[in-house]
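The values are calculated or read from the model by the stated rules, or taken from the named source; none is laboratory data. Here the structure is a predicted model, which means the values were calculated and not measured. Ideal geometry is used to build each Cβ from the backbone, glycine not excepted, and the neighbour counts take in all protein chains shown. Side chains included, ligands, DNA and RNA excluded: accessible areas come from the protein's heavy atoms. Shrake-Rupley method; radii C 1.70, N 1.55, O 1.52, S 1.80 Å.
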Amino acid sequence: MIRFEHVSCEYEKGQTVLNDLSFEIQNSDSVGLIGANGAGKSTLMKVLLGLLPYQGLITVDDLEVNKQNIKEIRRKLGFVLQNSDNQMFMPTVYEDVMFAPLNYGMSREKAEKRTDAVLAQLGLSDLKHRHNHKISGGEKRMAAIATVLAMEPDVLLMDEPTSALDPYNRRIVINTINALPNTKIITSHDLDMILDTCQKVILLSEGRIAAQGNAKEILINRELLEANRMELPLCFSQKY
Amino acid sequence: MDRIDHAASELREMDDLAALSSPIHSLHPLAKLIVTILYIFLTVSFNKYDLSGLIVMLLYPVIAFSVSGIPIRTCFYKLRIVLPLVCAVGLFNPFFDRVPLLYIGNISVSCGVISMITLMLKGVFCLMASFILVATTTMDAICAALRKIHIPNMIVTLLLLTYRYISVMIDEVSIMTTAYKLRAPGQKGIHYSAWGSFLGQLLLRSMDRAEELYSSMQLRGFCGEFQYADVPPAKLIDYLYAVFAVGAFFLCRMVNIASFFGSIALGGSL
Ligand SMILES: Nc1ncnc2c1ncn2[C@@H]1O[C@H](COP(=O)(O)OP(=O)(O)OP(=O)(O)O)[C@@H](O)[C@H]1O
Ligand SMILES: [Mg+2]
């Protein structure tokens with residue numbers, strides 16, 4: 001279980017980016033984190049991962065997010081960064097996907113099997129030996145997701161997993177997410193994807209929680225969404 | 001292609017070269033590393049006037065290049081920026097050391113000229129040997145080999161991260177110059193008035209990126225030591241190669257082979 005109690009965070013003094021957030025995420029929940037640009041979604045994820053200092057209390061399975069526990073906590077969390085260029089650092093896709101399993105003590109043989117399985121699951125087997133700098137933006141996105149799935153984390157944190165993906169790959173990612181029993185926190189501006197993958201939604205606005213609850217109830221609430229610089233998901237809007 | 005993109009792709013071509021296959025590529029990285037280190041050590045140790053003895057050391061890089069299938073010109077092309085620097089090292093010797101050493105016909109050749117040529121050749125030979133190592137072995141394998149000979153983890157990790165960071169930096173330069181050019185058409189290079197902010201931005205951006213990359217590594221269990229690709233145990237051929245090469249280097253270093261054959265050819269005594 002993940003618990004935030006009165007969590008605040010600022011990058012620079014006086015510029016509060018997260019403001020007194022409190023919420024709980026139960027095990028195997030899928031939670032969509034939505035909000036306008038600059039609302040603080042990526043920051044919230046970074047705070048949870050112990051990448052930024054914060055005030056208040058954050059716990060993951062009753063372990064407080066602090067220096068002492070950070071190793072144990074990070075073992076439970078897998079994070080897909082918003083910018084895949086910053087996620088991939090090994091020369092080839094294959095080596096990158098294998099990086100985490102090897103670090104977590106898996107034998108090379110097992111790690112290779114795991115890597116092959118994840119790449120196949122995402123339809124990336126052809127990319128296996130390609131160089132990271134020679135693949136397209138969307139391919140890099142898929143590969144970045146593979147690097148995190150290969151970790152087999154308890155909690156999956158995804159920062160805009162479907163940005164830059166074509167409809168086919170987007171669907172693969174949605175299906176993959178739905179097939180995983182893990183706890184998931186997904187940030188996205190693709191509200192239809194959030195609707196497809198999440199039962200709960202937290203709506204952030206200028207670092208505060210504007211609403212949280214059942215995904216359908218929030219995502220069908222036009223006034224609430226528009227008051228927070230969002231729009232109805234395409235499947236609910238009557239435009240076409 | 002842009003100059004900077006060209007630089008980036010040239011750097012990455014080293015990885016492509018290392019991924020080729022040849023008898024040299026398939027040798028054990030540790031064997032190659034030890035042979036290269038000894039080669040450099042012995043080459044540098046030649047007396048500064050021992051030009052005839054040194055010349056024989058050219059054999060190793062020449063043979064290695066031809067067996068590995070990498071053209072020597074690739075080496076000189078890629079090292080074109082360092083080579084002049086290496087060659088410049090002994091440039092002033094002829095002015096300081098004017099004692100005549102030998103005569104070619106009527107022309108006297110001073111010690112300074114010989115030592116200059118010797119120094120240049122030493123530099124070039126060492127560069128060629130290092131290039132052969134880097135072009136036939138992946139960076140990971142070199143690092144794994146360095147760890148095998150107990151070079152501290154800190155140094156090896158630093159080496160690998162520096163190598164990776166260079167690509168990140170070049171990437172950022174490429175993105176920024178492209179963005180600049182697209183909004184300053186017809187302008188050659190970057191105007192000097194923008195240099196300050198350009199460099200500052202470059203530093204900040206590449207540092208940000210490096211930091212985020214490092215976070216990404218930490219989040220995936222990195223605790224300061226890379227899990228290098230398993231280096232398979234050395235085979236008989238690797239031992240043979242190392243023993244033979246090292247033996248040959250020592251022989252060349254101890255015996256002046258060029259003058260040995262020269263004296264045989266001239267029928268004189270040693
Ligand atoms: N490194 C930083 N230093 C200072 N301020 C930052 C930094 N990163 C983000 N911010 C600020 O923090 C606020 C929240 O940023 P964050 O990246 O969390 O937004 P987000 O909700 O993820 O937005 P987006 O949808 O655009 O990804 C923004 O106002 C942003 O300007
Ligand atoms: Mg964000």
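The table below lists the values:
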{"quantity": "Exposure rank, largest accessible area first [A:166, B:140; 1.4 Å]", "calculated": "A:166, B:140"}
{"quantity": "Chain B - percent relative contact order, Cα under 8 Å, separation 6 or more", "calculated": "31"}
{"quantity": "Solvent-accessible surface (1.4 angstrom probe) belonging to residue B:80, in square angstrom, nearest 10", "calculated": "100"}
{"quantity": "Charge context of residue B:38, other residues only, Cβ under 13 angstrom, K/R +1, D/E -1", "calculated": "+2"}
{"quantity": "Top of A:18, A:224, A:191 by mean-square fluctuation, Gaussian network on chain A, Cα under 10 Å", "calculated": "A:224"}
{"quantity": "Cα shape, the range B:93-209, gyration tensor, a/c 1.5 rule", "calculated": "oblate"}
{"quantity": "Amide proton proximity set for residue A:160, modelled H, under 5 Å, gap of 5+", "calculated": "A:187, A:188"}
{"quantity": "Cα-based helix-to-principal-axis angle, B:236-254 vs chain B, degrees rounded to 10", "calculated": "50"}
{"quantity": "Under-5 Å amide H pairs with residue A:184, H placed in peptide plane, nonlocal only", "calculated": "A:29, A:30, A:31, A:156"}
{"quantity": "Given charges at beta-carbon only (K, R positive; D, E negative), |dipole| of chain A in Debye", "calculated": "440"}
{"quantity": "Reachable aspartates and glutamates from residue B:188, criterion Cα separation under 17 angstrom, eight or more residues apart if same chain", "calculated": "B:2, B:5"}
{"quantity": "Gyration tensor (alpha-carbon) shape descriptor, chain A, a/c threshold 1.5", "calculated": "oblate"}
{"quantity": "Overall form of chain B per C-alpha gyration tensor (a/c, 1.5; a/b vs b/c)", "calculated": "oblate"}
{"quantity": "Carbon/sulfur fraction of accessible area - the protein assembly as shown, other protein chains in place, 1.4 Å, %", "calculated": "61"}
{"quantity": "Degrees separating the helix B:257-266 axis from the principal Cα axis of chain B, which is the longest one", "calculated": "30"}
{"quantity": "Protein heavy-atom accessible area occluded, A/B pair - total, 1.4 Å probe, Å²", "calculated": "2300"}
{"quantity": "Cα-based helix-to-principal-axis angle, B:3-18 vs chain B, degrees rounded to 10", "calculated": "60"}
{"quantity": "Surface per residue (accessible, 1.4 Å probe) for the protein assembly as shown, Å²", "calculated": "51"}
{"quantity": "Simple Cβ-charge dipole of the range B:96-188, Lys/Arg +1 and Asp/Glu -1, about Cα centre, in debye nearest 20", "calculated": "160"}
{"quantity": "Cβ-placed point charges (K, R +1; D, E -1), dipole of the range B:139-228 about Cα centre in debye, nearest 20", "calculated": "240"}
{"quantity": "Residue B:59 - accessible surface, heavy atoms, 1.4 Å probe, Å² rounded to 10", "calculated": "100"}
{"quantity": "Where Rh is the Kirkwood radius over Cα pairs, Rg/Rh for the range A:28-171", "calculated": "0.97"}
{"quantity": "GNM flexibility winner over chain B from B:82, B:134, B:35 (Cα, springs under 10 Å)", "calculated": "B:82"}
